[in-house]
Amino acid sequence: ILATIYFLPVWLAGFFSNRNLSLGESWKLSSAALLSGALLMVASIALYNFGLLNLVSLSFVFAAHFVIAWIYLVASFFFLPRIFEKSKENPFQPTK
């Protein structure tokens, strides 16, 4: 559900930053970014179940798992290809 909520802002950010990102790819990107936060929540719920984490700490981890997902989403934009890549070859050199 969170990936469905996040994919439209991710797609808009990719559109305005000239990144090659379709709607389906933005949904996949947002769901992949949420995996690390979900893994943190699973571990913290297990620790809470074993009595190693109290309810206040669990609530802080719950807030942190959203922050981790947004950090991964922002960092992933640096790895997406740009739409208009500049050519590295010399335009004045004759073709071979």
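The values are calculated or read from the model by the stated rules, or taken from the named source; none is laboratory data. Here the structure is a predicted model, which means the values were calculated and not measured. With ideal geometry, Cβ positions are generated from the backbone for all residues, glycine too; neighbour counts draw on all protein chains shown. Calculation scope for accessible area: heavy atoms of the full protein, side chains included, ligands and nucleic acids excluded. Shrake-Rupley method; radii C 1.70, N 1.55, O 1.52, S 1.80 Å.
For the range 82-89, does any single residue satisfy the condition of being at pLDDT below 95 and either part of a helix (DSSP H, G or I) or surrounded by 14 or more Cβ atoms within 10 Å (Cβ to Cβ) (or both)? Give the derivation first.
Step one: of the range 82-89, the residues at pLDDT below 95 are 82-89.
Restricting the remaining residues to those that are either part of a helix (DSSP H, G or I) or surrounded by 14 or more Cβ atoms within 10 Å (Cβ to Cβ) (or both) gives none.
No, the range 82-89 contains no residue that is at pLDDT below 95 and either part of a helix (DSSP H, G or I) or surrounded by 14 or more Cβ atoms within 10 Å (Cβ to Cβ) (or both).
If only residues of the range 57-81 that are farther than 23 Å from Val10 by Cβ and among the small types (Gly, Ala, Ser) are counted, the one that is least open to solvent (accessible area, probe 1.4 Å) is Ser57.
Out of everything in the range 33-56 that is in contact with a Ser or Thr (Cβ under 9 Å, 6 or more places away or on another chain) and without any contact (Cβ under 8 Å) to a residue 12 or more places away in the chain, what residue ends up being least open to solvent (accessible area, probe 1.4 Å)? Working first, answer last.
Going through the range 33-56, the residues in contact with a Ser or Thr (Cβ under 9 Å, 6 or more places away or on another chain) turn out to be 33, 44, 47-48, 53.
Filter once more, keeping what is without any contact (Cβ under 8 Å) to a residue 12 or more places away in the chain: 47-48, 53.
Working: Leu47: 75, Tyr48: 97, Leu53: 38 Å².
Step by step, filter the range 33-56, then rank; the result is Leu53.
Each residue in the range 1-17 was checked for being open to solvent by 70 Å² or more (accessible area, probe 1.4 Å) and touching a residue at least 24 places away in the same chain (Cβ under 8 Å), and 0 pass.
Anything in the range 47-88 that is touching a Leu at 6+ places or on another chain (Cβ under 9 Å) and over 30 Å from Glu25 (Cα atoms)? List them, or say none. Within the range 47-88, Leu47, Tyr48, Leu53, Ser57, Leu58 qualify.
How many of the residues making up the range 11-50 are of a type in the set (A, V, I, L, M), under 15 Å from Arg82 (Cα atoms) and not in a loop (DSSP other than H, G, I, E, B)?
Narrowing the range 11-50 to residues of a type in the set (A, V, I, L, M): 12-13, 21, 23, 29, 32-35, 38-43, 45-47.
Those left that are additionally under 15 Å from Arg82 (Cα atoms): 12-13, 21.
From the residues that got through so far, the ones that are not in a loop (DSSP other than H, G, I, E, B) too are 12-13.
Of the residues in the range 11-50, 2 are of a type in the set (A, V, I, L, M), under 15 Å from Arg82 (Cα atoms) and not in a loop (DSSP other than H, G, I, E, B).
The residue that is nearest to Ser26 (Cα to Cα), counting only those in the range 1-10 that are over 12 Å from the mean Cα position of the chain (by Cα) and assigned to a helix (DSSP H, G or I), is Leu8.
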